[in-house]
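Shown next, in structure tokens, is the structure this report addresses.
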Amino acid sequence: MATTSNSGTNKLAERIISDAEAEARTAREEVENVSLGIQRESDKTVSARRAELKSQRETAVKSLISGYLTRASLDAKKDALGKKRAVIDTAFTRAYEATFSLGEEARKQICTRMITHHAEGGEAVAPAAADRAALAAIIAAMPEKKLTLSKDDAKIDGGFILLGDGYEKDCSFRSLLDTVRDAEETAVYQLLFD
């Protein structure tokens with residue numbers, strides 16, 4: 001009987017061990033499934049974060065490149081505009097310098113037009129030294145304007161200054177050219193660069 005009892009105990013122990021091994025396999029499978037799920041979630045999160053960081057990096061690179069291109073374009077336009085401005089400045093400087101090579105009759109005609117246009121009557125005319133003789137003749141030919149020739153020359157290269165009661169009008173060749181420049185600079189720009 002002790003043998004039987006021993007054999008029954010062995011079977012019981014084997015069954016307990018078999019059940020324990022089955023429970024251990026089930027628990028291990030559950031742990032492996034949970035672990036695989038965690039690994040998949042982790043991989044998915046890492047992949048999403050990598051994609052997000054890659055997108056942010058690409059956006060930042062594009063933004064930097066776009067900024068550099070915009071600045072380079074603006075710098076190039078500014079440089080070109082500066083060069084065009086220099087060409088226009090040179091053109092008007094040469095035009096001003098060309099007034100000094102005008103003959104006496106051409107200078108006299110310019111002064112006559114400016115006196116006709118600007119003199120209201122009764123002013124003193126302070127001439128440029130180069131135009132004193134021409135302005136004396138112009139004033140003599142326009143007695144109705146009641147202009148007087150100043151005994152002092154104006155410190156200008158050409159033309160004259162009108163001195164009235166409480167006002168002064170700059171009718172120098174420089175002032176005339178500045179007025180022409182203000183009115184015609186856009187047209188000159190278009191003529192030269194369009």
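Can you confirm whether the range 185-193 contains a residue that is of a type in the set (Ser, Thr, Tyr) and either in contact with a Pro (Cβ under 8 Å, 6 or more places away or on another chain) or at pLDDT 90 or above (or both)? Within the range 185-193 (the criterion being of a type in the set (Ser, Thr, Tyr) and either in contact with a Pro (Cβ under 8 Å, 6 or more places away or on another chain) or at pLDDT 90 or above (or both)), the answer is no, since none of the residues qualifies. Selection of first residues in the range 155-174 that are under 14 Å from ALA124 (Cβ atoms) and modelled with pLDDT of 90 or more and of second residues that are assigned to a strand (DSSP E or B) and charged (D, E, K, R), restricted to Cβ pairs under 8 Å at least 6 apart or on distinct chains, gives the following pairs, ordered by first then second residue: ILE161/GLU168; ILE161/LYS169; ILE161/ASP170; LEU162/GLU168; LEU162/LYS169. Of the residues making up the range 121-138, those that are part of a helix (DSSP H, G or I) and of a type in the set (Gly, Ala, Ser) are ALA129, ALA130, ALA133, ALA134, ALA136, ALA137.
When the range 147-194 is examined, which residues are found to be of a type in the set (Ser, Thr, Tyr) and under 40 Å from the mean Cα position of the chain (by Cα)? If you could, list the steps in order and put the result at the bottom.
Initial filter on the range 147-194 (of a type in the set (Ser, Thr, Tyr)): 148, 150, 167, 172, 175, 179, 186, 189.
Answer for the range 147-194, where residues must be of a type in the set (Ser, Thr, Tyr) and under 40 Å from the mean Cα position of the chain (by Cα): SER172, SER175, THR179, THR186, TYR189.
Which of the residues belonging to the range 84-120 are part of a loop (DSSP other than H, G, I, E, B) and closer than 23 Å to GLU168 by Cβ?
Across the range 84-120, the qualifying residues are ALA119, GLU120.
Looking across the range 95-110, just one residue is under 42 Å from the mean Cα position of the chain (by Cα) and at pLDDT 90 or above, and that is ILE110.
Inclusion of ARG40 among residues that are in contact with a Gly (Cβ under 8 Å, 6 or more places away or on another chain), part of a helix (DSSP H, G or I) and either of a type in the set (Lys, Arg) or modelled with pLDDT under 90 (or both) is not warranted. One residue stands out among those in the range 142-182 that are surrounded by 15 or more Cβ atoms within 10 Å (Cβ to Cβ) and acidic (Asp, Glu): the one that is nearest to ARG132 (Cα to Cα), which is ASP153.
The values are calculated or read from the model by the stated rules, or taken from the named source; none is laboratory data. Everything numeric here is computed off the predicted structure, so don't read it as measured data. Glycine gets a Cβ as well: all are built from the backbone with ideal geometry, and neighbour counts include every protein chain shown.
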